[in-house]
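Q: Structure incoming, see below.
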Amino acid sequence: MAVVYYAKGSAESQLTSPSDIRRRHNISEASDVGNIPPEDGVKLVPMSKDGIASLRGVVAVEGAQDFSAIRRQVVEARRREDH
């Protein structure tokens, strides 16, 4: 049976991870944690010193990805939101 950990969010939108989880994954005060939104919740992933590159392979995708095209789509969507 899986262990379920409880964490409560603060008024400042901060989430405190249980100490057992922080120790197991070497998460300290200076650590970065990535938030991945799967369909059924949120997945928290400790980030390494490699930054976003450490997330490579965390989300399954089909086929090759054109990151330049994806970036252009995001920039365009944000531009539309601002106007």
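No value in this document is a laboratory result; all are computed from the given coordinates. Just so you know, these numbers come straight off a predicted model, no measurement behind them. Note that each Cβ is placed from the backbone with ideal geometry, even for glycine, and that neighbours are counted across all protein chains shown.
Q: Largest first, please: the extent of the C-alpha atoms of region 1-50 along each principal axis, to the nearest Å.
A: 29, 28, 22
Q: Another question about this same structure. Which one of T16, V61, V75 is farthest out on the positive end of the charge dipole of the chain, using unit charges on Cβ (Lys, Arg +1; Asp, Glu -1) and the Cα centre as origin?
A: It is T16, whose Cα lies furthest towards the positive end.
Q: Oh, and also: What number, rounded to the nearest 500 deg cm²/dmol, is the helix-based mean residue ellipticity at 222 nm of the chain, given -39500 (n - 2.57) per DSSP H run of at least four residues and division by all its residues?
A: -8000 deg cm²/dmol
Q: For region 19-82, take the convex hull of the Cα atoms, compute a quarter of its surface area, and give me that in nm², please.
A: 6.7
Q: Separate question: Using only the alpha-carbon atoms, how far is helix 67-82 inclined from the longest principal axis of the chain? Give it as 0 to 90 degrees, nearest 10.
A: 90
Q: Tell me which residues come under 5 Å, amide H to amide H, from V33 once H is placed; ignore anything under 5 positions away on its chain.
A: M47
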